[in-house]
1. Can we say A:Val198 is without any contact (Cβ under 8 Å) to a residue 40 or more places away in the chain, under 29 Å from A:Arg226 (Cα atoms) and assigned by TED's automatic domain parsing to the domain that holds A:Asp263?
2. Just to verify a result, which residue in the range A:223-273, among those that are in contact with an Asp or Glu (Cβ under 6 Å, 6 or more places away or on another chain) and either more than 14 Å from every other protein chain (Cβ to nearest Cβ) or closer than 25 Å to A:Ser144 by Cβ (or both), is surrounded by the fewest Cβ atoms within 10 Å (Cβ to Cβ)?
3. Do we find a residue being of a type in the set (A, V, I, L, M), in the same structural domain as B:Cys195 (by TED's automatic domain parsing) and not in a helix (DSSP H, G or I) anywhere in the range B:159-171?
4. State all residues of the range A:219-255 that are in a strand (DSSP E or B), in contact with a Ser or Thr (Cβ under 9 Å, 6 or more places away or on another chain) and not acidic (Asp, Glu); if no residue qualifies, say none.
5. Does the range A:79-105 hold any residues that are of a type in the set (A, V, I, L, M), under 23 Å from the mean Cα position of the chain (by Cα) and crowded, with 16+ Cβ neighbours inside 10 Å, and which are they?
6. Restricting the search to the range A:89-137, which residues are outside any helix (DSSP H, G or I) and farther than 20 Å from B:Ala81 by Cβ?
7. Determine which member of the set A:Val157, A:Val143, A:Val188 is more than 14 Å from chain B (Cβ to nearest Cβ) and either of a type in the set (S, T, N, Q) or touching a Leu at 6+ places or on another chain (Cβ under 6 Å) (or both).
8. When you scan the range A:146-154, do you find a residue that is charged (D, E, K, R), without any contact (Cβ under 8 Å) to a residue 12 or more places away in the chain and more than 10 Å from chain B (Cβ to nearest Cβ), even just one?
Amino acid sequence: MTSQSTDIVFIDSTTSRECHLFEFTSKLRTIMKVNQDLPHDSVNLTVRSVKSCTCSNHDNGDSDRNTNAPRKYSVLDEKALREDDTKLVRDQRVQTMSRSYEIILESIGEDPTRQGLLKTPKRAAEALVFFTKGYEQSIREIVSDAIFDEDCENMVVVKEIDMYSLCEHHMVPFFGKVSVGYLPNKRVLGLSKIARIVEVFSRRLQVQERLTRQIAEAIAEAIKPRGVAVIVECLHMCMIMRGAQKVNSRTTTSAMLGVFREDPKSREEFLSLGRINPF
Amino acid sequence: MAHLSESSNNDDINMNNLHIEDKKNDVRRSSVLDEGTLRENESESKHEQRLDALKNAYGIMLNSVGEDAMRQGLLKTPERAAKAMLFFTKGYEQSVRDVVSDAIFDEECDNMVVVKDIDIYSLCEHHLIPFFGKVSVGYLPNKRVIGLSKIARIVEIFSRRLQVQERLTQQIAQAIEEAVQPLGVGVIVECVHMCMVMRGAEKVNSRTTTSAMLGNFRHNAKTREEFLIIGRNSSF
């Protein structure tokens with residue numbers, strides 16, 4: 001956060017994906033046209049500096065598909081996409097989203113001027129901002145003052161944390177429960193902070209696999225325990241309300257780090273203590 | 001089971017007349033059987049237009065949320081979300097009249113018929129967020145019964161719209177009443193509203209129950225009681 005250099009992001013015309021060039025100061029957000037050292041037919045030389053490190057963490061952990069490569073970035077310090085929002089920016093977001101929702105109402109054939117739908121665009125926009133409020137906080141802020149030295153060496157499990165998220169493929173909710181367990185290594189984390197970590201990562205456009213991994217990595221980075229285990233069991237409305245329409249199916253994903261990955265006994269203990277009951 | 005075209009002529013509305021142009025068009029149009037067909041009989045190109053408008057709207061929304069709409073996971077999201085939204089509102093594409101008109105049968109049954117635990121998924125019209133749950137429908141036939149799956153289809157058509165649970169319940173009850181003219185209809189809808197669970201009051205375990213009792217079910221407490229017992233939805 002004390003780096004002095006500026007980040008320049010440009011859209012590569014060959015792949016039309018954004019990629020980083022330099023590090024930047026986190027408070028700086030500028031939009032400038034850049035045309036040096038770029039071919040003349042480069043499209044969209046819009047430059048925006050919103051990222052805090054050199055790797056692709058602006059895509060919510062999405063582009064790093066090479067799972068064998070070690071993670072290059074810190075999930076604690078991952079830049080929150082809306083962290084620097086002022087009230088004005090937030091209001092602009094809500095306004096743009098309201099306008100989009102109005103178009104949606106018209107496009108499905110409804111009459112946006114009837115009484116029940118008059119204020120719906122605004123309400124839906126505020127709801128969407130709420131469902132994506134995970135973009136407004138960074139994990140480090142949440143956990144940094146709730147890490148305590150403690151001589152605990154036995155497993156700590158916080159189970160059946162209710163979780164509500166939005167599927168990034170259909171923008172339809174998925175929800176369920178999360179169980180988190182870790183084996184402390186002289187440091188414990190405030191219990192409600194575990195729930196807050198779940199909240200911050202789930203209130204985003206997510207994919208259940210990534211959500212699970214992010215929760216595990218955040219806890220691993222925050223207190224460096226001997227191992228972390230996370231199980232997430234969810235109902236996906238995109239699969240229940242549409243598409244395959246399988247009403248009773250649930251999706252379970254897990255992330256086992258450290259001793260939970262290596263030692264089957266620890267893993268078994270967690271799976272039994274943290275078992276998610278049918279809901 | 002006689003088809004309705006051979007039915008007795010002391011019926012007030014012969015279902016066979018449904019497809020004949022009616023002089024009383026205005027009266028028919030206000031019937032719940034014809035209500036809400038905002039997208040009926042649309043052409044492919046109109047459907048494409050709707051999809052395109054929705055895609056653009058969702059694309060803008062992704063950017064307003066702060067996300068990067070160009071990343072791999074979000075590239076086709078506007079299209080998927082647009083199709084999903086059209087699916088969630090496909091109740092506007094059909095009228096109940098079209099769906100039920102050929103499944104009304106004469107039957108000597110005069111005992112209660114209950115179809116319960118029908119799963120429903122709808123969109124709250126105030127927040128465009130899903131609410132879902134179960135419906136129980138019961139009716140006392142008056143010489144006419146309706147195909148059982150048509151009851152589920154009626155529920156499906158009314159629920160796949162922007163709805164308010166109270167109105168949904170009323171519409172289901174009125175549709176059954178208009179279609180078969182029974183001695184009475186009862187409908188219970190029990191739902192979980194994500195707009196209340198995921199945001200706002202954030203009350204995770206609460207459910208909303210609405211009901212509509214028409215005819216005998218309204219006037220006769222014993223009938224109502226029988227329906228409430230037989231038609232009790234299982235917990236979900």
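1. Numbers: without any contact (Cβ under 8 Å) to a residue 40 or more places away in the chain: yes; under 29 Å from A:Arg226 (Cα atoms): yes; assigned by TED's automatic domain parsing to the domain that holds A:Asp263: yes.
For A:Val198, the condition - without any contact (Cβ under 8 Å) to a residue 40 or more places away in the chain, under 29 Å from A:Arg226 (Cα atoms) and assigned by TED's automatic domain parsing to the domain that holds A:Asp263 - is met.
2. Ranking the candidates gives A:Thr252 first.
3. Of the range B:159-171, the ones of a type in the set (A, V, I, L, M) are B:162, B:164, B:168.
Restricting the remaining residues to those that are in the same structural domain as B:Cys195 (by TED's automatic domain parsing) gives B:162, B:164, B:168.
Of the ones still in play, those that are also not in a helix (DSSP H, G or I) are B:162, B:164.
Yes, the range B:159-171 contains a residue that is of a type in the set (A, V, I, L, M), in the same structural domain as B:Cys195 (by TED's automatic domain parsing) and not in a helix (DSSP H, G or I).
4. A:Gly227, A:Ala229, A:Val230, A:Ile231, A:Val232, A:Cys234, A:Leu235, A:His236, A:Thr253, A:Ser254, A:Ala255
5. Within the range A:79-105, the subset of a type in the set (A, V, I, L, M) is A:80-81, A:88-89, A:94, A:97, A:103-105.
Of the ones still in play, those that are also under 23 Å from the mean Cα position of the chain (by Cα) are A:80-81, A:89, A:94, A:97.
Listed by number, the residues that qualify are A:Ala80, A:Leu81, A:Val94, A:Met97.
6. At the first step, the residues of the range A:89-137 found to be outside any helix (DSSP H, G or I) are A:108-114, A:118-119, A:132, A:137.
Selection gives A:Asp111, A:Thr113, A:Arg114, A:Leu118, A:Lys119, A:Gln137.
7. Being more than 14 Å from chain B (Cβ to nearest Cβ) and either of a type in the set (S, T, N, Q) or touching a Leu at 6+ places or on another chain (Cβ under 6 Å) (or both) holds for just one of A:Val157, A:Val143, A:Val188, which is A:Val157.
8. Filtering the range A:146-154 for residues charged (D, E, K, R) gives A:149-151, A:153.
Next, from what is left, pick out any that are without any contact (Cβ under 8 Å) to a residue 12 or more places away in the chain: none.
No, because not a single residue in the range A:146-154 is charged (D, E, K, R), without any contact (Cβ under 8 Å) to a residue 12 or more places away in the chain and more than 10 Å from chain B (Cβ to nearest Cβ).
The values are calculated or read from the model by the stated rules, or taken from the named source; none is laboratory data. This is a predicted model, so every value here is computed, not measured. For neighbour counting, all protein chains shown are included, and Cβ atoms are generated from backbone atoms with ideal geometry for every residue, glycine included.
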